[in-house]
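Have a look at the structure below before the remarks.
The values are calculated or read from the model by the stated rules, or taken from the named source; none is laboratory data. Since the model is a prediction, treat every value here as computed from it, not as a measurement. These accessible areas exclude ligands, DNA and RNA; they are computed on the full protein's heavy atoms, side chains included. Shrake-Rupley method; radii C 1.70, N 1.55, O 1.52, S 1.80 Å.
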Amino acid sequence: MKNAIFKIALEITMFLMTFLLSSEVRALSVGEKVDFAYKKAVQEFKAPATGFYQLEVWGAQGGTSGGYAGGYGSYSTGVTFLNKNETIYIVTGEAGTGCSGRSCIVQPKYNGGGGCRAYKSESPTCASGGGATHIAKVSGVLSSLSQYKGTLSSSKDYYISEAILIVAAGGGGGAYTNGSNHGKGGHAGGYRGG
């Protein structure tokens with residue numbers, strides 16, 4: 001999936017309803033999805049009815065540099081129960097970008113994509129990583145929510161949190177410094193990435 005659009009689908013599983021989104025009242029059918037495109041801001045969704053909602057998130061792709069593609073962001077899906085008028089907060093990660101030339105710098109990307117600096121090489125390039133995408137019951141980018149990360153599961157392979165509902169990591173940025181030092185950005189997700 002291209003990193004220009006990040007999709008977060010909130011699937012209503014039980015109800016026909018109407019809700020307010022971007023100052024428009026519109027009908028929402030059972031199984032309909034609501035997508036949130038990238039914005040460098042926290043977005044909100046107010047549950048139009050009590051019920052179960054399916055959440056899907058995609059992390060942003062890392063930047064391409066020197067012909068070396070950034071890694072893809074990860075994908076996560078889950079289900080949560082929301083009460084009518086309960087608000088959840090959606091933060092979409094920013095796609096990574098690249099630069100070239102001595103002393104080129106790419107600032108970190110929105111919601112956690114790491115920055116980069118290329119220097120001391122004949123033809124250096126670098127690219128930032130992509131930002132994470134998450135949905136939470138509290139507002140803020142992930143770096144501001146560390147107190148809500150929850151507790152480690154008994155199998156020690158995931159965290160249980162009442163505040164942070166779902167997260168998808170961003171991909172790594174590609175890089176090139178000279179003929180022998182280069183590489184594609186790593187893919188996020190899974191047990192080993194890509």
task: State in Å² the accessible area per residue of region 43-194; use a 1.4 Å probe, count heavy atoms of protein chains only, and round to the nearest integer.
output: 50
message: Using a 1.4 Å probe on the protein heavy atoms, what percent of the accessible area of region 43-194 belongs to carbon and sulfur?
response: 49
query: Can you list residues whose amide H is under 5 Å from Ala49's amide H, if they're 5+ apart or on another chain and H is modeled 1.01 Å from N?
result: Asn85
- request: Starting from the Cα gyration tensor of region 78-119, multiply each eigenvalue by 5, take the square root, and state the resulting semi-axes largest first in whole Å.
  value: 38, 8, 6
- request: Per residue, how big is the convex hull around the C-alpha atoms of region 33-186? Give it to me in cubic angstrom, could you?
  value: 119
- line: Applying the gyration tensor rule to the Cα atoms of region 94-169 (axes a ≥ b ≥ c; rounded if a/c under 1.5, else prolate if a/b exceeds b/c, else oblate), the class is prolate
